Amino acid sequence: MKGQFFIIATVIIIASLITITTYFYDYSKIDLTNVYDIQEIEFINDIKDSLIQTAEISYSRSGCLTFENDMIDTENFLKNKLLEKGIILDFIESSKNCPGNNGKDYELSYKFTLKSNNFESTTEFVV
């Protein structure tokens, strides 16, 4: 009789632990749609950094000779790479001046949008 009590008690304890675990498991799941939205926001800084670095490298390498062509190539590259991820990149306005005003070597001005299923963002920046 004592052995049956321990077996029944063990089954009840295990069932209780499984029920509690499955109950709390749902609270620990990661919502992948939010992670994807956060990832799209990070692309904004990556796009800005890529355009700025391309301008710096292009100007330091060849001055104004290939500056605008390098910037256009970078824009097209970014559009294609983001399109592969299902994100549309549109450059609304862009200004690439070489040499720039106010004693600068070059001047960049961009306005672009990122669009996907549930996300749309417009960003402007000037360097």
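Please give the peptides 81-88, 11-18 ranked by average Cβ packing (other Cβ atoms within 10 Å per residue), highest first, as a rough proxy for protection.
Those peptides, ordered most packed to least, come out 81-88, 11-18.
Annotation: per residue accessible area for the chain equals 72 Å², rounded to a whole number [probe 1.4 Å, protein chains only].
Computed in the context of the full set of protein chains, the accessible area of the chain at 1.4 Å probe radius has 57% of its extent on carbon or sulfur. Solvent-accessible surface of protein heavy atoms, probed at 1.4 angstrom with all chains present, puts Y110, Y23, Y59 in the order Y23, Y59, Y110, largest first.
The lysine pair count for the chain, using Cα distances under 21 Å and pairs eight or more places apart or on different chains, is 16.
Remark on the chain: ratio of C-alpha radius of gyration to 2.2 N^0.38 Å is 1.97.
The values are calculated or read from the model by the stated rules, or taken from the named source; none is laboratory data. Small disclaimer: the values here were computed from a predicted structure and weren't measured. Here Cβ is always computed from backbone atoms with ideal geometry, including for glycine, and neighbour counts include all displayed protein chains. Note: accessible area is taken over every heavy atom of the protein model, side chains too, but ligands, DNA and RNA are not part of it. Shrake-Rupley method; radii C 1.70, N 1.55, O 1.52, S 1.80 Å.
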